[in-house]
Number of protein chains: 2
Amino acid sequence: MTKTVGRPPRSETDVLEFRKKVSRHAMALYRDEGFEAVSMRRLSKAVGCAPTTLYAHFQGKTEILMLLWADILAEMTQYVQENLKRTTEPTERLKAAALAFVGYWIDHPDHFRLVFMSNDVGRSDVDSFIETGDVQGSFQIFADLVGDLNPKRIDVKFRTDALVAGMIGVALCSITIRNYTWPTVSMMTGQLIAGVTAAPQKSH
Amino acid sequence: MTKTVGRPPRSETDVLEFRKKVSRHAMALYRDEGFEAVSMRRLSKAVGCAPTTLYAHFQGKTEILMLLWADILAEMTQYVQENLKRTTEPTERLKAAALAFVGYWIDHPDHFRLVFMSNDVGRSDVDSFIETGDVQGSFQIFADLVGDLNPKRIDVKFRTDALVAGMIGVALCSITIRNYTWPTVSMMTGQLIAGVTAAPQKSH
DNA sequence: ATATTATTCAATACGCGTTCCAAATATTTC
DNA sequence: GAAATATTTGGAACGCGTATTGAATAATAT
């Protein structure tokens, strides 16, 4: 409102522009040279600013890594969609999607780490304003499949979320606890789906 | 067989002794001062050796952190056992155990990170000879509960593993993706259990 | 132009995981 | 003792995430 003397703060568009630039370079670094190439020093060099400047725009590396989520989640979603069996049989479709989902992460453990293991566990007081829309979007496909499976649309939201969390767990376990003899991904995934298709929970 | 001249390699007992010593100090550091206190430099100081010596006995920090798994898993198992409802109703017992399991990790995110998020994802070529017995042991309680639930003991092993992986996924999601509005832990866990109690999978 | 304010910058620092290397030490056989 | 071998050590180095600080620079109102 009131005009003040001196240089004005960053304009909204400037902020977004810079964030977009950082995002682009971080993505390029990650795609071309892998996870470890995305360091604050190298990234700042690519962007063309001082390392400290990054900290004026982001509260830490974690927030920058989140810029890469959207791309990976989009790629994963596309992969899942390609692997949808051409059946109309709902259970078959859901199973195919689930297998593709878990398979994608197991085939790309670096991507998995980026999305699910790069948060600062413990420091939950920091208000990280992530674009949760990305996450929501990539889960939507499963919500649809679960919905198709259950025309009455009972408990679709939390059945879907439980399935997704379960699949992420299967991926995590398969990736990180490698010397334990886990059942096949197919078997464990089938088990999760059995839960989704089960009768509604009695809310007591 | 043939005696060779010169100093012999470390004796088996010496190796074990040193590993035990490192384990003790790592544990003390972690319990007393938290995750970030367990650094190679501080740990070596506590042990009383040079930092580089640790690398002669372990292939990296990850292998040292694994020494802490057993303790945490034991504590978690005990917590689960304490929270077993006094019911004999199998489903109730399993549900109580599952809720305790997930709750433990959510209440101790640092422990969760230590056990499930400190592996070097991607470097799977390294043959990490972890004591998988620890993991096996802490899952056994669930195998028992699942077995009680299903007297015919059909698919107990992979039903249990799927449940455990699912619960770990629920914990991971609740811990790391905090701004997404997940259903309650109770609801998601109930969903997983529904899968365990479902009819056997048709193996096709 | 000048004062004022916001932002960027370079430099420095800390501790981190990890690697390399030459010097020192320990333990054995001869 | 000497020679041989295994291990430990200290020191330095690299790049890392992050924080601080004071100087430089940019953009505005007057």
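The values are calculated or read from the model by the stated rules, or taken from the named source; none is laboratory data. These numbers were taken from a predicted model, which means no experiment stands behind them. So basically every Cβ, Gly included, is an ideal-geometry build from the backbone, and we count neighbours across all protein chains shown. Just the protein is used for accessible areas: all its heavy atoms, side chains included, with ligands, DNA and RNA removed. Shrake-Rupley method; radii C 1.70, N 1.55, O 1.52, S 1.80 Å.
Summary table
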read-out: Residue in segment B:114-131 that is modelled with pLDDT under 95, open to solvent by 40 Å² or more (accessible area, probe 1.4 Å), assigned by TED's automatic domain parsing to the domain that holds residue B:75 and in a helix (DSSP H, G or I) present; value: no
read-out: Among the candidates B:189, B:184, B:160, residue that is in the same structural domain as residue B:103 (by TED's automatic domain parsing) and surrounded by fewer than 16 Cβ atoms within 10 Å (Cβ to Cβ); value: B:184
read-out: Residue list for segment A:54-63, restricted to those being open to solvent by 40 Å² or more (accessible area, probe 1.4 Å) and within 17 Å of residue A:12 (Cα to Cα); value: A:56
read-out: Residue in segment A:37-53 that is among the polar types (S, T, N, Q) and assigned by TED's automatic domain parsing to the domain that holds residue A:139 present; value: no
read-out: Odd one out for residue A:33 among (1) within 20 Å of the chain's Cα centre (by Cα); (2) within 14 Å of chain B (Cβ to nearest Cβ); (3) more than 16 Å from DNA strand C (Cβ to nearest atom); value: (1)
read-out: Boolean, residue A:169 is within 7 Å of chain B (Cβ to nearest Cβ), closer than 28 Å to residue A:64 by Cβ and at pLDDT 90 or above; value: yes
read-out: Selected residue [within 13 Å of DNA strand C (Cβ to nearest atom), within 19 Å of the chain's Cα centre (by Cα) and either closer than 30 Å to residue B:198 by Cβ or not hydroxyl-bearing (Ser, Thr, Tyr) (or both)] from B:72, B:64; value: B:64
read-out: Residue match in segment A:138-152 (condition: more than 7 Å from chain B (Cβ to nearest Cβ), open to solvent by less than 50 Å² (accessible area, probe 1.4 Å), assigned to a loop (DSSP other than H, G, I, E, B) and not β-branched (Val, Ile, Thr)); value: yes
read-out: Residues of segment A:1-19 satisfying the condition of being over 16 Å from residue A:56 (Cβ atoms) and at pLDDT 95 or above; value: none
